[in-house]
Each structure stands twice: as structure tokens, then as C-alpha cells.
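These notes are about the structure you will find just below.
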Amino acid sequence: MADAAFVAVDWGTSSFRLWLMSKSGEILGERRSGEGMTTAMRTGFPDVLASHLSALSAPSDLPVVVCGMAGARQGWVEAGYVDVPADLADVLKGAVRVPGEAADIRILPGLAQRSQDTPDVMRGEETQLLGALSADYATGEQLVCMPGTHSKWVSVSNLKVTGFSTYMTGELFDVISKHSILSHAVEGAETVAGDLPAFQGAVAESYENPQMATNRLFTVRSGQLLHGLSATDAKAKLSGTMIGLEIAGARSSGRNDAKVILVASGALGELYKAAFAALSIDFVTIDADDAVRRGLVAAANAIWQ
């Protein structure tokens, strides 16, 4: 691994992603696991990192740049927040070094919106934003959608974050589908696909009538009891209702004409693509893995230039 220059880590609540990188941004090795912050709090952050570096036969003294929940208050070392409005480059300046480690390990801070009415925080997504926007969207205004357990919608102007909102769509979907009466309706359902009419119809209905969302959620169950709605269509309707409600909220800020930049990957990204298409919303997609990796490379090059 003579060409390895640094290690890039995206450390989420329940996931861990590590890339061994050259200075130019070439991927020399990769590791993924479910050893997110929740697990690392028990087993030890240094031990988790060391085990993955060892698996790649990487030098233990390589510098490491980390984004995500490792910098939370309950994480490895707290790496505070940069207040918005803020240039994304300010995130790089706020990297905190982990004390007591032989290697130079830096954890990037998150972003905080300290408005009394709409307080909000993000941690990890700021690095994705940096990687997603710096190349092709460094100028002008963007509305960025970053789906997940807690989806983020971010307003950006010339690489300055001017505001953002978090939507608990993924977490609420999980809670409702597992711990409410709707758990019976979706039991045995197949994976939801974005081309299902039940999904697209629920997205449109929830987007047009967000005030009816809790009623429409109950029709997932009653539709099954009275009209034989299948488990898969029930799950699709639940998913579509939640995603449509999120998009309605995010687009209520007055920027309905803005092109959406969707930073996503995998099955969840496909659902949001289908939702935007169903609503005739103009959007472009940037792969979330590529975005966070590019952001970490930018951070590393800024720190160890």
C-alpha cells in the first residue's frame, strides 16, 4: 500500500464505510460493515477502525479523515457544529483531531441551524454536499434532497448552505410498518418498487393533500380489509404516502420551481426518482457514495495539503 495517502471514513449511526485512498482520490481498498456509532460505543472506536485497516493490510499510521456520527456528542470525539448560513469550506476548517492516537485522525463537524422556530442539525450530510456540488454545481442556487432514515432537504447558494430541514420519513416508516396496526397490512410484503401504481398514486395523493396524510395511512389497513389490497401494495401505499408528505413539506418553502439535486443510491434512491417522476418534478441524481467519498477527499487534501 505504498501509494496510500489517507483513509476516508463515513461513520453513521448504524453503518461504517471506509476507503483507502491515494492523494488523487483513487480507491485502493474498501470496507463496509454494520459497525456504526451504536456498535462502536460498545466495542471501541479505535478497535473498529484498527480492525478494518488490518483487513486491508493498511499502515496503522496513515492519516484518517472521518465524517458522520463519530463526531457526535456520544461518539468518539465531539466535533461540534458550524452554524448556517455557512460556506461548505468552513466545515473543513473545523476538523477536530482525536487525542491520544498515534495516527493523525480528524473528525469533521456537522452543520447547525439555530433558528428558534426551525432548529436543525446534520452530521455527515455536509460532507456529501461538498462532494456532490463542488464539481458541477459550485455556482447558482440548488435545492438538494438527501434521503435516509432522517432525510435532509438543503438550500445551497454558491456552495453556501443557507438553510435546511430534516424529515423523519425513514424512521417513521419503520415505526409504523413494524409497531402500528399497519404492521398486519404489510406483513409478508415484497420490496416496494417505484413503478407500482399503488406507490405512485400514494405519492401524488399525499403531495396534493398533505393534510389528509394520517387518514390515508389508515386506508392502507381498511383497503386491505374491504378491497383485498395486497401486502405489497399496502407497503407501497405506506411508502408513497410518507415520501409524498416529505416532498410536500420540503417544497412548501416557495422554491417549487427549483430543480432538485437528488443525492442518493440504491433502492431508496430509486423510490425517490420514481416519486419525483410521478410529480413531474425536474431533478438530477448524484450517487451518494461517490458524493461522500469526494467530500472526504476534498477534506483530506485541505487538511494535509
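The values are calculated or read from the model by the stated rules, or taken from the named source; none is laboratory data. Because the structure is a prediction, the values reported are computed rather than measured. Here the Cβ positions follow ideal geometry from the backbone for every residue, glycine too, while neighbour counts run over all protein chains shown. Calculation scope for accessible area: heavy atoms of the full protein, side chains included, ligands and nucleic acids excluded. Shrake-Rupley method; radii C 1.70, N 1.55, O 1.52, S 1.80 Å.
For this structure, a couple of remarks:
- Filter result for residue 148 (over 25 Å from residue 304 (Cα atoms), in contact (Cβ under 8 Å) with a residue 40 or more places away in the chain and not assigned by the TED database to the domain that holds residue 71): yes
- Of everything in region 120-164 that is open to solvent by 30 Å² or more (accessible area, probe 1.4 Å) and either in a helix (DSSP H, G or I) or of a type in the set (Lys, Arg) (or both), the residue that is nearest to residue 88 (Cα to Cα) is 160.
- Residue that is modelled with pLDDT of 95 or more and not aromatic (Phe, Trp, Tyr), where the choices are 236, 298: 236
- Which listed residue is open to solvent by 10 Å² or more (accessible area, probe 1.4 Å) and in the same structural domain as residue 41 (by the TED database), from 104, 117: 104
- The single residue among 305, 200 that is open to solvent by 40 Å² or more (accessible area, probe 1.4 Å) and closer than 30 Å to residue 7 by Cα turns out to be 305.
Per-residue answers, yes or no, for (1) open to solvent by 30 Å² or more (accessible area, probe 1.4 Å); (2) hydroxyl-bearing (Ser, Thr, Tyr); (3) not assigned by the TED database to the domain that holds residue 95:
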| position | (1), (2), (3) |
| --- | --- |
| 30 | yes, no, no |
| 43 | yes, yes, no |
| 47 | yes, no, no |
| 54 | yes, yes, no |
| 60 | yes, yes, no |
| 73 | yes, no, no |
| 79 | no, no, no |
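- Region 184-197, residues that are open to solvent by 30 Å² or more (accessible area, probe 1.4 Å) and small (Gly, Ala, Ser): 188, 193
- Among (1) within 18 Å of residue 170 (Cα to Cα); (2) surrounded by 23 or more Cβ atoms within 10 Å (Cβ to Cβ); (3) in contact with a Phe, Trp or Tyr (Cβ under 8 Å, 6 or more places away or on another chain) - the single one residue 300 does not satisfy: (1)
- Note on region 100-119: among residues that are of a type outside the set (A, V, I, L, M), assigned to a loop (DSSP other than H, G, I, E, B) and under 30 Å from residue 58 (Cβ atoms), the one that is farthest from the chain's Cα centre (by Cα) is 100.
- Among residues of region 214-226 being aliphatic (A, V, I, L, M) and open to solvent by 10 Å² or more (accessible area, probe 1.4 Å), the one that is modelled with the lowest pLDDT is 225.
- Conditions (1) surrounded by fewer than 17 Cβ atoms within 10 Å (Cβ to Cβ); (2) over 30 Å from residue 74 (Cα atoms); (3) aliphatic (A, V, I, L, M); (4) modelled with pLDDT of 95 or more; number of the one not met by residue 168: (2)
- Hey, residue 281 open to solvent by less than 10 Å² (accessible area, probe 1.4 Å) and touching a residue at least 24 places away in the same chain (Cβ under 8 Å) or not: no
- Selection of region 88-111 for residues being modelled with pLDDT of 95 or more and closer than 13 Å to residue 160 by Cα yields only 111.
- Filtering region 91-101 to residues that are open to solvent by less than 50 Å² (accessible area, probe 1.4 Å) and touching a Lys or Arg at 6+ places or on another chain (Cβ under 9 Å) leaves 95, 96, 98.
- Those residues of region 11-28 which are touching a residue at least 24 places away in the same chain (Cβ under 8 Å) and open to solvent by 20 Å² or more (accessible area, probe 1.4 Å), in sequence order: 13, 14, 17, 23, 25, 27, 28
- Of all the criteria given as (1) closer than 20 Å to residue 250 by Cβ; (2) open to solvent by 40 Å² or more (accessible area, probe 1.4 Å); (3) under 25 Å from the mean Cα position of the chain (by Cα), the one not satisfied by residue 175 is (1).
- Of the candidates 262, 245, 229, the single residue that is in a loop (DSSP other than H, G, I, E, B) and at pLDDT 95 or above is 229.
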